[in-house]
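Worksheet: the structure to be examined is printed underneath.
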Amino acid sequence: MSDKCLVIGEAREGTLRNVSFEAIAAAQKLQSDGEIIGVICGNTDLENQAKEMIYYGADRVITLKHENLEAYTSEGYGQALLKVIKDENPSGIVMGHTSVGKDLTPKLASKLDSGLVSDVVDLELDNGKAVFTRPIYSGKAFEKKIITSGLTFITIRPNNIPALERDESRSGGISTKEIDIAGIRTVIKDVIRKAAEGVDLSEANVIVAGGRGVKSEEGFKPLYELAEVLGGAVGASRGACDAEYCDYSLQIGQTGKVVTPDLYIAVGISGAIQHLAGMSNSKVIVAINKDPEANIFNIADYGIVGDLFEIIPLLIEEVKKIKQ
């Protein structure tokens, strides 16, 4: 294997997700003296996205353009990326632990007869060997993994490994690889996006999440306002989603999204273990609940006992004052 590390970039509506840049930083840690190669799949002009990967630390970028890469399918992306992996023969591959990453990387690892360390939240070098930290038991504990031989293939959790500083003075080669994608059995007829506009939930630095205590769809409006003034995103517990207060695209928890923002504000959320599994590793947790015995207070760094419909407007007012 060559001393190269592939970073699989992931785009959303023509823009690379932040986790793509965090993956470059992880690759730099793995191979500080090796070559970092970005890879982007799509069916539009990918040059601007390729430049962004270079600005954030990639040495060169390979773009893969094909009509069967316009929308994600594991078959299409898998065929395209396997071609690049075979040609480049890297010693490492890094991708974000996103919905696409979770679906695609196990299939690639199987085709490559390789191991895979998923959901990495930290990595460090110990006597030249990379040690990967990942959560287990729904975030109640952590394990450390070492790859003893073969390909180093990992996915990283968003918002855990800081991206390198963006440097527009960096330059690198951008090439387009000719690929043949055939035998696709999955056909994308239409894509319906129900995700909220604004900051992407899985990569937000600030999240304001509502539970059953919000009481209604109308009750989520102050949460959206608070998230807007904080420059964050809105999330929800499964209970709030089941009660149809909001869409399931906002669900955080064991069966929803796993998030690790700098600030997580839990509003009217009791703190069921399934929800904690999706947010307990947030750096600072603020809980707002009228029940002083709510389980959410057991993991909160700060707790406010009271009526959320009185507290949230006060928070919005104070944040606006600070920003003036």
Might you check whether a residue that is in a loop (DSSP other than H, G, I, E, B), in contact with a Ser or Thr (Cβ under 9 Å, 6 or more places away or on another chain) and within 19 Å of PRO106 (Cα to Cα) occurs anywhere in segment 158-174? yes
When segment 296-324 is checked residue by residue, the ones that are within 22 Å of VAL259 (Cα to Cα), in contact (Cβ under 8 Å) with a residue 24 or more places away in the chain, touching a helix residue (DSSP H, G or I) at 6+ places or on another chain (Cβ under 8 Å) and not aliphatic (A, V, I, L, M) are none
Pick from segment 271-309 the residues that are within 28 Å of PRO162 (Cβ to Cβ) and of a type in the set (D, E, K, R): which of them is modelled with the highest pLDDT? ASP301
For segment 14-40, what are the residues that are part of a strand (DSSP E or B) and at pLDDT 95 or above? GLU35, ILE36, ILE37, GLY38, VAL39, ILE40
Residue among ALA58, ALA71, ALA80 that alone is in a loop (DSSP other than H, G, I, E, B), farther than 20 Å from PRO158 by Cα and not charged (D, E, K, R): ALA71
With the first residue restricted to segment 245-263 and required to be on the phi < 0 side of the Ramachandran plot, and the second required to be at pLDDT 90 or above and exposed (fewer than 15 other Cβ atoms within 10 Å of the Cβ), Cβ contacts under 7 Å at 6 or more apart or on different chains are TYR245/SER216; TYR245/GLU217; CYS246/GLU217; ASP262/LYS283; ASP262/VAL284; LEU263/VAL284
Could you tell me which residue of segment 294-315 is surrounded by the most Cβ atoms within 10 Å (Cβ to Cβ), considering only residues that are within 18 Å of SER282 (Cα to Cα) and touching a Ser or Thr at 6+ places or on another chain (Cβ under 8 Å)? ILE296
Would you check if there is a residue in segment 103-118 being farther than 29 Å from ILE252 by Cα and in contact with a His (Cβ under 8 Å, 6 or more places away or on another chain)? no
Residue that is touching a helix residue (DSSP H, G or I) at 6+ places or on another chain (Cβ under 9 Å), under 22 Å from GLY253 (Cβ atoms) and either of a type outside the set (A, V, I, L, M) or free of Cβ contacts under 8 Å to residues at least 24 places away in the same chain (or both), where the choices are THR98, THR133: THR98
Residue hits (segment 218-236; farther than 22 Å from ALA294 by Cα and free of Cβ contacts under 8 Å to residues at least 60 places away in the same chain) are GLU218, LYS221, TYR224, ALA227, GLU228, GLY231, GLY232, ALA233
Taking the residues in segment 99-130 that are out of contact with any strand residue (DSSP E or B) (no Cβ under 8 Å at 6 or more places or on another chain) and in a loop (DSSP other than H, G, I, E, B) as candidates, determine which candidate is surrounded by the most Cβ atoms within 10 Å (Cβ to Cβ). ASP113
Does GLY172 satisfy the criteria of being among the small types (Gly, Ala, Ser), in contact with a helix residue (DSSP H, G or I) (Cβ under 6 Å, 6 or more places away or on another chain) and either surrounded by 17 or more Cβ atoms within 10 Å (Cβ to Cβ) or in contact (Cβ under 8 Å) with a residue 12 or more places away in the chain (or both)? yes
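The values are calculated or read from the model by the stated rules, or taken from the named source; none is laboratory data. Keep in mind the model is a prediction, meaning the values are calculated, not measured. For neighbour counting, all protein chains shown are included, and Cβ atoms are generated from backbone atoms with ideal geometry for every residue, glycine included.
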